[in-house]
Amino acid sequence: MRRRLLTSILLLCAATSLCAQSPIEDGEEEDLYYPYWNPEDREVESMPDQQRDTIHRTQYTGASIYFSGRGYLSGARLFAHHVLPHGWAATAHVDGRTGRDIYVDGVFANTLNARVKVEKRRLSLQARMPVSMRSLRSASSREAFDLLDDNLYNPAWGYQNGKVRSARIRREVLPRVEAAYRVEVNATTLDFSASAEVGNRKLSGLSWFNTRTPLPDNYRNMPSYFDDQPLEQQAAEHWRSNDTRYTQIDWERLYAQNFLADDGSAVFAVTDRVERIANIRIHADGKTKLNDCWTAGYLLHGARIESRNYQQMRDLLGADHIVDHDYFLIDDDTYGNQLQNDLRHPDRVVHQGDRFGYDYSMLHHKLDFGGTIHYAVDRWKALLSLRAGVHTVQRVGHYEKELFPGSRSYGKSRLLQFVPYELKLALSHVFTPQHRLELNLRAEACVPRADDLFLNPRYNNRPVDHIGTEKLHAGEITYTLTTQRVDFQLTASLRHLSNGVLTRRYFDDASAQFCNAAAADVATLRRGIEAVAKLRLARRWTCSAAAAWSRYRYIANPTVWVYSDAENQIIDNGSTSYMNNYTVGNVPQITASARVDYFDARGWKFHVEAVYEGSRYVDPALSRRTLRIAHTLAESPEAFALITHQERLPDTFTLDATCSKSIHFNSHRLTFTLSIHNLLGARDQIYAGYESPRTPRYTAGDMYVYRPMPTRYLYAYPRTFYLSATFNL
């Protein structure tokens, strides 16, 4: 007993003296610990109706406050579940967060999420209202991190009037309503549901017109770009001294340059890329129990998914207007052809809040139908499922661009039609109550992403030339062992994707112009083995561990067509990209974790978890592996190796800990939780790396050389924390 008490005290002291948080991709929400029952848990929703109704009759009300240095400083949550007259029950919660990140400059969050759900035995109605405004950090080059000696450097902000101002802010308002109803007639169960989502997403960023980029970590502003040694040393000194006029966005200079414009037009501005969403989905699913062994299922799903995309002027930075001309689309050193972005409204003057540049809608209609047959007898279970459908994708242009007049940019594009399908087979056999074997096979034809189906959907109705469904074949076999003390599961999986379609838009250094690259016949193979075990050491102690080995590879050489963005002319006609045997990027192929949990009757809970991730690579750019780029621009074997090399990211190891204490007051409960991530405080772990398709030209003495643009990285957070207090009535 004393030993257990001493162990608990030591764990608590370690938890309260250190602060950490796990590396999460920039912009992702965290899965926070909720010490109360959530009626949306899959475990509860999958229960039989009678058992689930019993839980739904349980009333609760509570509130939480929480603190975290990662992304926000503080937040609060109110939640309640109450039984209403006539058999109804209502659930509601409101969650808000606010504050600045204490680790990364220029990052903050102001979010509010509300949800209300009312339900009866077979009917549920739900409404959600998420509203958020969050600034995001941007990836940068290793040169910038090294010069500043700061792996959390964020180039997306600067000082304005002595205050931090971010240029990269995501704003979202996405209300959603859902309704679901169940009908039971004899041996048949029918589920009907419908949902609607209408709202918008906005991502702000710097824009510039007839001038070069003001982004501080652009490769032209880094010391390595300068061939002249005094200029290189001067730039390096600015960076090493962290002169924010050079290392961050210089808002004062942007305002000053706008002020100097003779006609009041803007040289720099902050603009929003807006996506307005209007989605409707309808689902009908049913099953009929034919006899003790056979059950038949059927489904009918339909959806209309619409997104309207346009650019909107947010802040002219002291200027009065711009004229809606094309300021881009020529090359890296000249500033546009000045053609009309909207030919039907020529020379339109754009003020704050106006749309400009591009305006189009992407329409996606879906109709899927299918059925299943389920067989169960003794220790055998089998499931055969078939789904097929008709999907259409179409672009609708709302601007007639002078560069692509008439139907080439305005109105509806050609209707792209697809016939996707999915075939599943699942088999399972229970040898004994302790041993179980499952086999899952799947063959699927998928519709590519809408943005990959057009050369440049912002202002061009032209689809890519090689369009088809992507083919997916996958299989998985799982062995499960369950005993009184041990749960063990071993899974082997295989996933083959072929006929993939990818489209990329970038500046092509070989032709010195903006281009669109369309790749066809992209193929990957993902195979792996995973083992998971849970050991109940004692009544209050459990230990779990998991390990996985996998290989995610490109297994074919796709064909790439490169088109000039300004004229749709072929720059590279069906060139081979030598991607075979490269690794799919940013996915750990070796992982291992171990976790120990402890709880006692007095309300204490602890867990410590160690996670290792290895064999990660930067995702390779297709265009750099073509002969046109790798052989033409490389003047030596060393340059060729630099252009075609795929960088491996360093392995990562994190140690996390969480402790909580629940205090009961009659029927009430107060719970304190402290989560500590990256307990060891590692500051050099890379979360993700992004390889650029560009190979810009540099001056080397009296000659020009082409080198790949430096990889950009996002580093994981150092030691961070999450602290919450929850009170349940």
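Values in this text are rule-based calculations from the coordinates and carry no lab data. Predicted model only: the values in this text are computed from it and were never measured. Glycine also receives a Cβ, built like all others from the backbone with ideal geometry; neighbour counts cover every protein chain displayed.
A few remarks follow.
- Amide N proximity, segment 269-301 versus residue 421 label position 7 Å along Cα-to-Cβ, cut-off under 19 Å: 297-301
- Local charge for residue 608 was computed over the other residues whose Cβ lies under 11 Å away, with Lys and Arg +1 and Asp and Glu -1, and equals -2.
- Per-pair calculated FRET efficiency, R0 = 25 Å: residue 580 and residue 527 via Cβ, rounded to 0.05: 0.95
- Above-threshold pairs, the threshold being 21 Å between Cα atoms, out of 120/366; 366/471; 534/605; 289/381; 163/202: 120/366; 163/202
- A full extension of the chain between residue 429 and residue 185 corresponds to an added length of 84.8 nm, given 0.36 nm per residue minus the alpha carbon distance.
- Size estimate for the chain follows the Kirkwood approach: the inverse of mean 1/r over distinct Cα pairs works out to 29.5 Å.
- Put a plus charge on the Cβ of each Lys and Arg, a minus charge on the Cβ of each Asp and Glu, and nothing anywhere else: the dipole of the chain about its Cα centre is then about 3340 debye.
- Sequence-ordered 3J(HN,Hα) estimates for segment 464-470 from the Karplus curve with 6.51, -1.76 and 1.60 and θ = phi - 60° stand at 5, 7, 10, 10, x, 6, 7 Hz, glycine and proline given as x.
- Mean-position separation - Cα centroids, segment 365-433 and segment 95-166, in angstrom: 33
- Once the Cβ-Cβ distance of residue 320 and residue 164 is raised to the sixth power relative to R0 = 35 Å, the FRET efficiency obtained is 0.85.
- Only helices enter this figure: runs of n ≥ 4 DSSP H residues, each worth -39500 (n - 2.57), summed and divided by the residues of the chain, yield -2500 deg cm²/dmol at 222 nm to the nearest 500.
- Semi-axis lengths (Å, descending) of the ellipsoid that matches the C-alpha gyration tensor of segment 503-584: 47, 15, 8
- Euclidean distance between Cα centres, segment 527-578 to segment 223-297, Å: 25
- Against the rule of thumb 2.2 N^0.38 Å, how large the Cα Rg of segment 391-465 comes out: 1.93
- Cβ-based exposure ranking for 217, 359, in which fewest neighbours within 10 Å come first: 359, 217
- Using alpha carbons only, the radius of gyration of segment 592-688 set against its Kirkwood radius gives Rg/Rh = 1.35.
- Centre separation in Å (Cα based) which lies between segment 632-704 and segment 64-92: 33
- Of the peptides 558-570, 484-496, 109-121, the order by per-residue mean of other Cβ atoms within 10 Å, starting with the highest, comes out as 558-570, 109-121, 484-496.
- Computed from the Cβ-Cβ distance with R0 of 25 Å, the FRET efficiency linking residue 665 to residue 90 stands at 0.50.
- Residues 64, 550, sorted so that the one with the fewest Cβ neighbours within 10 Å comes first: 550, 64
- Debye equation applied to the C-alpha atoms of segment 651-694, log10 I(q)/I(0) at 0.19, 0.26 Å⁻¹: -0.73, -0.93
- On full extension, the segment bounded by residue 196 and residue 568 gains 130.2 nm, given 0.36 nm per residue less the C-alpha separation.
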